[in-house]
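The values are calculated or read from the model by the stated rules, or taken from the named source; none is laboratory data. Just so you know, these numbers come straight off a predicted model, no measurement behind them. Note that we place each Cβ from the backbone using ideal geometry, even for glycine, and neighbour counts take in every protein chain shown. Side chains included, ligands, DNA and RNA excluded: accessible areas come from the protein's heavy atoms. Shrake-Rupley method; radii C 1.70, N 1.55, O 1.52, S 1.80 Å.
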Amino acid sequence: MPCSSPLPGLERLLEVCRVRAHPVKLEPPLRSSESRDALVAGQPMDPQLARVHARANYLWIHDELYLFPVHHTRRPDLHRVNAHWRRDWEEPFASLLVFGKDDRLAYCYATVPWLGEAGGPQPVVWVDIYETLYAVPVASSVDQFFATYARYLDVAPSSTVESEDLPAPRAFPWDAAEFISQDRALVRRVEAGHFDFLLRPSLRARDWVARRVLNR
């Protein structure tokens, strides 16, 4: 079933990739009878994420990120990843809905279901699972996340030139504070303390958000 609501952030990200000749892979959506999932491992599916999956079951952007497919027989998919996530982590992190991952490292992207209002869009956080588990707010919604990432990628040095063995000389979200801070809906929620419990484990993350996102 075609997506009935526009996703301008996603469209902008795909356009930036096209203009920059940045490798992208889009796989067609599942049949509508296979993809209508109201819950993911017990958590409500974000409405914008559901629209993304109505557009494509799988999205991969080289050296940047990829989205877990809703269902897949070979790849980690949205349901299995989140079922494992619930078992592996303690609250409040266990109740995040993980929808994507860094293409090179184990950092994840997740929505915060309990911060979605009346079934509306859920804010997005970047999750560091390497040492002390913590999460950094990066967007007020899934499509705004794509819009912010498009701005970041549009001005970033190419990660596909010279040596494929070298990581890109940048990192999201740390090098994207200028664009994250333009998401005023997110900034208002950060100022209201909505993400404090996810930021608390990391002094570095708290300081970065205060200085670079809130400009304090």
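Determine whether LEU59 is of a type outside the set (Gly, Ala, Ser), open to solvent by less than 30 Å² (accessible area, probe 1.4 Å) and part of a helix (DSSP H, G or I). So LEU59 fails the test. The set of residues in segment 130-141 that are in contact (Cβ under 8 Å) with a residue 24 or more places away in the chain and either under 17 Å from ARG200 (Cα atoms) or open to solvent by less than 10 Å² (accessible area, probe 1.4 Å) (or both) comprises TYR130, THR132, LEU133, TYR134, ALA135, VAL136, PRO137, VAL138, ALA139. Once segment 71-127 is narrowed to residues that are among the aromatic types (Phe, Trp, Tyr) and assigned to a helix (DSSP H, G or I), the residue that is surrounded by the fewest Cβ atoms within 10 Å (Cβ to Cβ) is TRP114. Go through the residues of segment 4-18 one by one and say whether even a single one is in a loop (DSSP other than H, G, I, E, B) and within 14 Å of the chain's Cα centre (by Cα). Scanning segment 4-18 turns up no residue that is in a loop (DSSP other than H, G, I, E, B) and within 14 Å of the chain's Cα centre (by Cα).
What about LEU65, is it in contact with a helix residue (DSSP H, G or I) (Cβ under 6 Å, 6 or more places away or on another chain) and at pLDDT 95 or above? Spelling it out, it is not the case that LEU65 is in contact with a helix residue (DSSP H, G or I) (Cβ under 6 Å, 6 or more places away or on another chain) and at pLDDT 95 or above.
The residues listed here are ARG200, ARG204, ARG212, ARG216; of these, the one that is open to solvent by 10 Å² or more (accessible area, probe 1.4 Å), modelled with pLDDT of 95 or more, more than 17 Å from the chain's Cα centre (by Cα) and not aliphatic (A, V, I, L, M) is ARG212.
Of all residue pairs spaced 6 or more apart or on separate chains, those with beta-carbon atoms under 6 Å, a first member in segment 172-192 that is free of Cβ contacts under 8 Å to residues at least 40 places away in the same chain and open to solvent by less than 10 Å² (accessible area, probe 1.4 Å) and a second member that is assigned to a helix (DSSP H, G or I) and not basic (Lys, Arg) are ALA176/TYR152; ALA177/VAL213.
Exactly one residue out of ALA54, ALA38 is open to solvent by 30 Å² or more (accessible area, probe 1.4 Å), at pLDDT below 95 and under 18 Å from HIS72 (Cβ atoms), and it is ALA54.
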